[in-house]
Amino acid sequence: MRSPRPKRRRKPRSNAGPTVLGFLLVVGVLGAIYFIYATATGREGEQAPVKPAKVEVVKGDTLSSVAEKLEQAGVIDSAFMFKVEARVGGYGTEIKTGEYTFSPDEDTEVILQKLTAGEAVPTLEITVPEGLDLEQTAREVAGQSGVSAAKFEEAARRTDYGYGFLEDPAVESTEGFLFPKQYEFEEGTTAPQMVTRMLEQYLLETQTLDISGAKDRLNLTEYELVTVASLIEKEASNPAERPLVASVIYNRIREDMPLQIDATVLYALDRPKEELSLADLKIDSPYNTYENTGLPPGPICSPSRQSLEAAINPAETDYLYYVLKANGEEHVFTNNYNEFLAAKAEAGR
């Protein structure tokens, strides 16, 4: 908080009043011009960026250069209007160096208070690995922050975040959409805000993917494509295999064959196991792809971008089977059942 400025004594016959009035009139006119510009260009209706933005103020930065950095980072709409407000508020020469993180909903006064306090908001890094399901992600977040697993899971099971990809009636939680990545959050960030950031990252990552085209070519919804990608994430042993695994999944669906993916059974069991028993393979669950044909009802983890790309652009093969080699680093792919059995025996499975 800034210390109150010492009051200045009024001088006889000062013309400060007209000067201040004229300045305020100029500010008002400029504000009106900016409002008209924003309305005409649609900027008033734009949504602020969801993710926090980091801005570094270094020695030699001026109010103008800081304003430009803020505008480029998406923290403010107009560097010019920010400078005007800073001058009017008396902040022009009080900005201090430091690394600052700003939320998208902060107004100019709050931004200026942070910059003049010279104390950057503490942040924390949270890494969400690829291939985690919702509950595992909640535990990861809890282990790296002050947000409990229960709070995060509660937030992640909601779908009212305003994203179009969550509006599919089949979507019951954010499972599959909590994009794996290293994130930086301000200390005190809530569980819903973290979930929102991860959903925003999914949106950013998929903007350059041809999801619309894949929906038409493969006759699948976006949710189903994410489901396929989650299966690929769990099954592929290396990046090069992802399109091949995708081809097996689609080929088996076309042949009306059960997918027989162990990872879906483990998801249904909701507990880790080294090996599945015959009883496990009989579990009564829509996620049991040994007992049911077609895709499971939803994703079983959050897939990487590579797995999403493979789901959208599968390799063109006639493969129906794959077996993990004894080295655990790659699969044998084949369309012949006897070859499949031979590879399985060779791998000791």
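The values are calculated or read from the model by the stated rules, or taken from the named source; none is laboratory data. Because the structure is a prediction, the values reported are computed rather than measured. As a convention, Cβ positions derive from the backbone with ideal geometry for all residues, glycine included, and neighbour counts pool all protein chains shown.
What the table shows:
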| read-out | value |
| --- | --- |
| Subset of region 75-95 that is at pLDDT below 85 and not in a helix (DSSP H, G or I) - its residue that is nearest to K114 (Cα to Cα) | I95 |
| Residues that are surrounded by 20 or more Cβ atoms within 10 Å (Cβ to Cβ) and in a loop (DSSP other than H, G, I, E, B), drawn from region 260-294 | I261, Y287, N288, T289 |
| Qualifying residue in region 232-241 (condition: closer than 30 Å to V55 by Cβ and not hydroxyl-bearing (S, T, Y)) | no |
| Test result for T174, touching a residue at least 24 places away in the same chain (Cβ under 8 Å), more than 30 Å from E71 (Cβ to Cβ), of a type in the set (S, T, N, Q) and not in a loop (DSSP other than H, G, I, E, B) | no |
| Unique residue being assigned by TED's automatic domain parsing to the domain that holds E291, within 27 Å of L166 (Cβ to Cβ) and not hydrophobic (A, V, I, L, M, F, W, C) when the list is K215, K273, K234 | K234 |
| Residue within region 305-325 that is of a type in the set (A, V, I, L, M), at pLDDT 95 or above, within 18 Å of A214 (Cα to Cα) and assigned to a loop (DSSP other than H, G, I, E, B) present | yes |
| Some residue of region 238-245 being polar (S, T, N, Q) and either at pLDDT 95 or above or farther than 25 Å from T317 by Cα (or both) | no |
| Index of the failed condition, Q193 passing every other in (1) under 20 Å from A229 (Cα atoms); (2) crowded, with 16+ Cβ neighbours inside 10 Å | (1) |
| Where a residue in region 54-77 is touching a residue at least 12 places away in the same chain (Cβ under 8 Å) and under 16 Å from T97 (Cβ atoms) and its partner, wherever it lies, is of a type in the set (D, E) and outside any helix (DSSP H, G or I), with Cβ under 8 Å and at least six apart | K54/E99; K54/E184; V55/E99; E56/E99; V57/E99; K69/E56; K69/D61 |
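Here is a yes/no grid of residues against (1) under 22 Å from T97 (Cβ atoms); (2) free of Cβ contacts under 8 Å to residues at least 40 places away in the same chain; (3) surrounded by 13 or more Cβ atoms within 10 Å (Cβ to Cβ):
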residue	(1), (2), (3)
T108	yes, yes, yes
E130	no, no, yes
A142	no, yes, yes
S145	no, no, yes
F152	no, no, yes
A155	no, no, yes
